[in-house]
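This is the structure I want to talk about, given as structure tokens.
The values are calculated or read from the model by the stated rules, or taken from the named source; none is laboratory data. Quick caveat: nothing in here was measured; it's all calculated off a predicted structure. Every residue, glycine as well, gets a Cβ built from its backbone with ideal geometry; the counts of neighbours run over all protein chains shown.
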Amino acid sequence: MEGAAMNAVVPMTVPLNAFLAVGTILFVIGLAGVLLKRNALSMFLSIELMMNAVNLLFLAYARMRGDASGQMVVFFVIAVAAAEAAVGLAIFVALFRAKRTIDVDQIASLKW
């Protein structure tokens, strides 16, 4: 009996504060990337990082409350992020073909 009890799997519980800290750090890194980078692709990736940080926080609060509403919101955010990625990358390809750069400072307007 004693050997079986020693091999039992004990679920790890991560405190909510750890999720909040990681989500906040990821969001701040993404915000710094959006504000400091001049490359449109880097800005795009920073926005994706910010959305993933918000998803992590939604999931943490859904786990804390014990319901699935946060998980449903995360599902829709991921769907919107996939659509944004498709449209955003198509815009980047079109801008690069027209201007030969994706540097935000060199692209003054979308008039071609």
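For the stretch 29-45, enumerate the residues that are of a type outside the set (Gly, Ala, Ser), exposed (fewer than 13 other Cβ atoms within 10 Å of the Cβ) and in a helix (DSSP H, G or I). Don't jump to the end; show me each part of the working.
Within the stretch 29-45, the subset of a type outside the set (Gly, Ala, Ser) is 29, 31, 34-39, 41, 43-45.
When the remaining residues are screened for being exposed (fewer than 13 other Cβ atoms within 10 Å of the Cβ), the result is 35-36, 38.
Selection gives LEU35, LEU36.
For the condition closer than 30 Å to VAL14 by Cα and either acidic (Asp, Glu) or outside any helix (DSSP H, G or I) (or both), what is the one hit in GLU48, GLU84?
On the way: GLU84 fails: closer than 30 Å to VAL14 by Cα.
The conditions single out GLU48.
Right, next: Within the stretch 23-48, track down each residue that is among the hydrophobic types (A, V, I, L, M, F, W, C) and modelled with pLDDT of 95 or more. Outline the logic, then answer.
Step one: list which residues in the stretch 23-48 are among the hydrophobic types (A, V, I, L, M, F, W, C), which gives 25-29, 31-32, 34-36, 40-41, 43-45, 47.
Scanning the stretch 23-48 gives ILE25, LEU26, PHE27, VAL28, ILE29, LEU31, ALA32.
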